[in-house]
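A short worksheet on the structure shown next.
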Amino acid sequence: AQSVTQLGSHVSVSEGALVLLRCNYSSSVPPYLFWYVQYPNQGLQLLLKYTSAATLVKGINGFEAEFKKSETSFHLTKPSAHMSDAAEYFCAVSAGSGGGADGLTFGKGTHLIIQP
Amino acid sequence: DAGVTQSPTHLIKTRGQHVTLRCSPISGHKSVSWYQQVLGQGPQFIFQYYEKEERGRGNFPDRFSARQFPNYSSELNVNALLLGDSALYLCASSSQGAPGTDTQYFGPGTRLTVL
């Protein structure tokens, strides 16, 4: 079974500042990890995906995340926040190549607020 | 290319009624998954279908059912609606039937309100 914990339901940063959204996971098999973004009244858009290759994953819109097995973490970062980054961000885990057909397990989400 | 499409976008039902939600996957994708997103929470997995067969099921009651058609589109059915079924229902498609490894692409969702 897998689980995801996102620390901080709301994160507020100033425009131009570093964005750091935290995600810790639990998985009984080597996981695949994902970050999705959701804008108001829309579906989910994939930002990036970790699939057991490089531990530093680069995604769209300048976001990246680093897989740290020892810390069971997959935090999302962006060097300089833009007003358009304001949205809800979800971290998700799946069973990876370990099999299972239980879909993605999502965290509760972090609402990112960008201050002008 | 068109992304995942869902219909209707919004729906209002009363308790005890039945509802059918529809999803068309990205062209060439053979797998469809359904998720329920209650306000303020992350999506929860309901079903996954691949090649018209159920491959996975989340922790939802039997009131929830789904099917996949030969053109890979899918329907989610919910019977005997409860107030707690009010949520955004998301459909996701992927190219193969391995939800553990495939990237899932989400549609815009259907907002269901149960009164």
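Taking θ as phi - 60°, what are the ³J(HN,Hα) couplings along the stretch A:39-45 by the Karplus curve (6.51, -1.76, 1.60), each to the nearest whole Hz, with x for Gly and Pro?
Listing the rounded values in order: 8, x, 6, 10, x, 9, 10 Hz.
Sticking with the crude label model, points 7 Å out along Cα→Cβ, report the distance from A:Thr5 to A:Ser84 in nm, one decimal please.
Modelled inter-label distance: 3.5 nm.
Counting Lys +1, Arg +1, Asp -1, Glu -1, what net charge surrounds B:Val78 among other residues with beta carbon under 10 Å of its beta carbon?
Its environment carries a net charge of +1.
Return one quarter of the surface area of the convex hull spanned by the alpha-carbon atoms of the protein assembly as shown, equal to its mean projected area, in nm².
Projected over every direction and averaged, the Cα hull of the protein assembly as shown covers 12.4 nm².
At A:Ser26 and A:His111, where each label point lies 7 Å from the Cα along Cα→Cβ, what is the point-to-point distance in nanometres?
Simple spin-label model gives 2.7 nm for this pair.
How large is ³J(HN,Hα), in whole Hz, for each residue of the stretch A:53-60 in order, when computed from phi with the Karplus curve 6.51 cos²θ - 1.76 cosθ + 1.60 and θ = phi - 60°, using x for Gly and Pro?
8, 5, 6, 9, 10, 9, x, 7
Mind checking which of B:Tyr72, B:Gln37, B:Ala2 is farthest towards the positive end of chain B's charge dipole, using Cβ charges of +1 (Lys, Arg) and -1 (Asp, Glu) about the Cα centre?
B:Gln37
Which is farthest toward the positive dipole end of the protein assembly as shown among B:Ile46, A:Thr5, A:His75, measuring Cα position about the Cα centre, with Cβ charges +1 (Lys, Arg) and -1 (Asp, Glu)?
Farthest towards the positive end: B:Ile46.
Which of rounded, prolate, oblate describes the stretch A:34-116, given a ≥ b ≥ c as roots of the alpha-carbon gyration tensor eigenvalues and a/c under 1.5 marking rounded, otherwise prolate only if a/b is larger than b/c?
It comes out oblate by the Cα gyration axes.
May I ask you to derive the FRET efficiency for B:His18 and B:Gln41 from their Cβ-Cβ distance with R0 = 25 Å, giving the value to the nearest 0.05?
0.55
Scan around A:Val19 for amide H atoms under 5 Å from its own, H built in the peptide plane at 1.01 Å from N, and keep only partners 5 or more places away or cross-chain.
A:Lys78, A:Ser80, A:Ala81
Which FRET efficiency value, to the nearest 0.05, do you get for B:Ala80 and B:Asn59 by plugging their Cβ-Cβ distance into 1/(1 + (r/R0)^6) with R0 = 30 Å?
0.95
Under a point-charge model restricted to the Cβ atoms of Lys and Arg (+1) and Asp and Glu (-1), what is the dipole moment magnitude of chain A relative to its Cα centre, in debye to the nearest 20?
About 160 debye.
Assuming a viscosity of 1.002 mPa s and a temperature of 20 °C, what translational diffusion coefficient in µm² per second does Stokes-Einstein assign to the stretch B:1-51, Rh being the Kirkwood radius over Cα pairs?
165
Evaluate Rg over Rh across the stretch B:69-109, taking Cα atoms for both radii and Kirkwood's formula for Rh.
1.04
Set the bar at 22 Å for Cα to Cα. Now go through A:Lys49/A:Lys108; A:Lys58/B:Lys30; A:Lys58/A:Lys78; A:Lys78/A:Lys108; A:Lys49/A:Lys78 and name every pair that lies beyond it.
A:Lys58/B:Lys30
No value in this document is a laboratory result; all are computed from the given coordinates. It should be emphasised that the depicted structure is a prediction, and the values quoted were computed from it without experimental measurement. Positions of Cβ are generated from backbone atoms using ideal geometry, with glycine treated the same way; all protein chains shown enter the neighbour counts.
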